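Let me begin by presenting the structure, written as structure tokens, before commenting on it.
Values in this text are rule-based calculations from the coordinates and carry no lab data. The structure displayed is predicted, hence computed values, not measured ones. Cβ atoms come from the backbone with ideal geometry, glycine included; neighbour counts cover every protein chain shown.
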Amino acid sequence: MSAGMGGFWPEPWLTRSLGYPGLALAAALLLLVLCLNARRTRRPGEPPLIKGWLPYFGQALKLQKDPLGFMTSLQKQYGDIFTLLLGGKYITFILDPFHYTSVAKNQKLSFQIFTNKFLKRVFSIKKMLTDSDLIDEIHSTYQFLQGKHLDILMESTMQNLKQVFEPQLLKTTSWSTEYLLPFCNSVIFEMTFTTIYGNILADDKKIFITELKDDFLKFDEKFTRLASGIPIELLGNIKSVRTKLIKDLTTESLAKLQGMSEVVQRRNDILEKYYTPKDTEIGAHHLGLLWASVTNTVPTMFWAMYYLLRNPKAMAVLRDEIDHLLQSTGQKKGPGFSIYLTREQLDSLVYLESTILEVLRLCSFSGIFRFVQEDLTLHLESQDCCLRKGDFVVIFPPILHHDPEIFEAPDEFRFDRFTENGKKKTTFFKRGKKLKYYHLPFGLGVSKCPGRFLAMVEIKQLLVVLLTYFDLEIIDNKPLELNYSRFLFGIPYPDSDVLFRYKIKS
Ligand code: HEM
């Protein structure tokens, strides 16, 4: 869950929502903050302080417009560590990958304090603020997303993909045309929901999943605003949409599903210990997990498809790699959905994996946030750096991912960038030194994404199915930009969409 800290970005619609009395109050508050902002100056030992001319919002507008360009220009001017004023908060950015470990290992920099506020604002989960045992127990369930448990999940994702695609595989061989984003949304949502939460047995399964997905998308659209601390009452009907989603995920509702994953079963057992059975906060916890499991996987799948559709050479190499594996494991692509790959087999597809890693390198804009619990000094390789209580520290991997010293032609999509002599490439260098961290779309240390293995498996399986069974073509082959409205919150969505078409291979 990309627990971004929010509150950075000016919102033009706020004028409409607040009305004049609200605006007057906001203006008075802003003036107060302006006075406070003006008072802050850089202390000895602290990183360069960049406040900008705009009170409160500071550098937020410039950063949101062109995050990479702006950060690169600040890096050139101020070096690898500096503090920015963003939305009333002081955030120290750490850009040198050799400094990441000092941040990740410092016990006084807290991820949990930071994420708990976010859980309350976005999902209305309150108990995490006060109960550290609950936090620990919830974290213990993440083991069910890895190791042998992942094999079980993987079987389930394949079964669910079969259910999604088999009807089409048995149909005629004419082209279907769709927009890419809704296509990825539908398939990933259904596949992930049924894998983690289970299957609806009733005849109206399709209706249930579609309604749930549509509500989820409405909620997700307002996510950045909720995370920014804007009261939900000011966000149209989102409160009722969230309430409905939470209701769909209460213990009672989940009892109607079959084939619930171990991770959700265990999570539910724990929640029932801490809450009364009818407490709606149980559903809010499940909404949090559902959000984390879908919200980054969808745009990653989108960008993977987009880049492959625009790069026939890459697509041909991937098809070849998959065909070769299917042949070597004695599998024939018969009528209907028949292929099966183990985790080891899936992981042996190095060009497929490299393609996904390359998409994540190009498209991940997550920041890794920590809250400074007390005044402290970070001892870094080249310098000491004083941090102030109440500020935030952010490791910002996009600068690493786009560093031309580490990745040649960093703006280009090179599907085989993470391969070397037909094997996975894991050595990358900066200043002549081998990098421990060169690819961080899933975060770092205590906040590293526990669902990363499942995400990779899902995307790989879906690509294997699409490339094995279908001819795929892009219709509007146009360049798309990343939409930075979720900047610092994970994988951005595209700023518009493209049509593509697919038909069963003859
Ligand atoms: C490509 C897909 C994904 C990406 C890029 C991604 C990325 C991330 C990142 C960057 C974080 C850390 C957030 C932070 O530091 O604030 C995170 C946390 C998390 N992710 Fe993922 N994620 C993905 C898919 C998944 C999936 C499929 C699940 C399934 C269960 C999942 C579950 C979680 C959870 C539960 C957390 C919160 C962990 C905590 O509270 O410590 N993610 N994810």
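Remarks
- Sorting the segments 263-271, 78-86 by their mean number of nearby beta carbons within 10 angstrom, highest to lowest, gives 78-86, 263-271.
- Asp151-Arg388 pseudo-label distance in nm [points 7 Å out on the Cα-to-Cβ vector]: 5.4 nm
- Projecting the Cα atoms of Gln107, Ser485, Ile368 onto the dipole axis of the chain, where Lys and Arg carry +1 and Asp and Glu carry -1 at the beta carbon, places Gln107 farthest toward the positive end.
- In summary, the lysines within cross-link reach of Lys108, defined as a Cα separation below 16 angstrom excluding same-chain residues under 8 places away, comprise Lys389.
- Computed with the Debye formula from one identical point scatterer per Cα of region 107-219, without solvent, the log10 of I(q)/I(0) at q = 0.12, 0.13, 0.15, 0.21 Å⁻¹ comes to -0.66, -0.75, -0.92, -1.25.
- Cα-based helix-to-principal-axis angle, 262-274 vs the chain, degrees rounded to 10: 40 degrees
- Set of region 73-112 residues, backbone N closer than 15 Å to the point 7 Å along the Cα-Cβ line of Asp66: 73-77
- Residues of type aspartates and glutamates that Lys478 reaches as a straight line, Cα spacing below 14 Å, ignoring anything fewer than 8 places off in the same chain: Asp495, Asp497
- Mean separation of Cα contacts under 8 Å (6+ apart) over length of the chain, as relative contact order %: 23 percent
- Tilt relative to the chain, helix 147-169 - C-alpha long axis, 0 to 90 degrees, to 10: 60 degrees
- Bridging of Lys423 to aspartates and glutamates at a Cα separation below 18 Å is possible for Asp320, Glu321, Asp323, Glu344, Asp347, Glu353, Glu358, once same-chain residues fewer than 8 apart are set aside.
- In summary, region 55-169 shows an alpha-carbon radius of gyration equal to 1.57 times the 2.2 N^0.38 Å reference for compact globular proteins.
- Normalised by the number of residues in region 403-506, the mean separation of alpha-carbon contacts (under 8 Å, six or more apart) gives a relative contact order of 18 percent.
- Loop-resident sites, region 128-189, for trypsin sites (Lys or Arg not before Pro), counting at most 12 other Cβ within 10 Å (DSSP): Lys171
- Segment Phe98..Leu129, full-extension length gain: 7.9 nm, with 0.36 nm per residue of separation and the alpha-carbon distance subtracted.
- Too-long pairs where the Cα-Cα distance tops 27 Å, listed order kept, from Lys120/Lys205; Lys120/Lys206; Lys89/Lys127; Lys425/Lys448: Lys120/Lys205; Lys120/Lys206
- Quotient of C-alpha Rg and 2.2 N^0.38 Å, computed over region 179-293: 1.07
- Between helix 350-363 and the chain: long-axis angle, C-alpha atoms, 0 to 90°, nearest 10: 30 degrees
- Listed residue pairs exceeding 19 Å between alpha carbons, taken from Lys126/Lys213; Lys218/Lys256; Lys213/Lys247: Lys126/Lys213; Lys218/Lys256
- Distance from the alpha carbon centroid of region 485-504 to that of region 108-157 works out to 27 angstrom.
- Computed with the Debye formula from one identical point scatterer per Cα of region 303-433, without solvent, the log10 of I(q)/I(0) at q = 0.11, 0.23 Å⁻¹ comes to -0.59, -1.38.
- Directionally averaged shadow of the chain, computed from the convex hull of its alpha-carbon atoms, nm²: 24.7 nm²
- The largest-to-smallest principal axis extents of the Cα set in region 259-353 are 55, 31, 25 Å.
- Given the chain, longest segment not containing exposed loop GluC sites (Glu not before Pro) (DSSP; at most 14 other Cβ within 10 Å): 1-373
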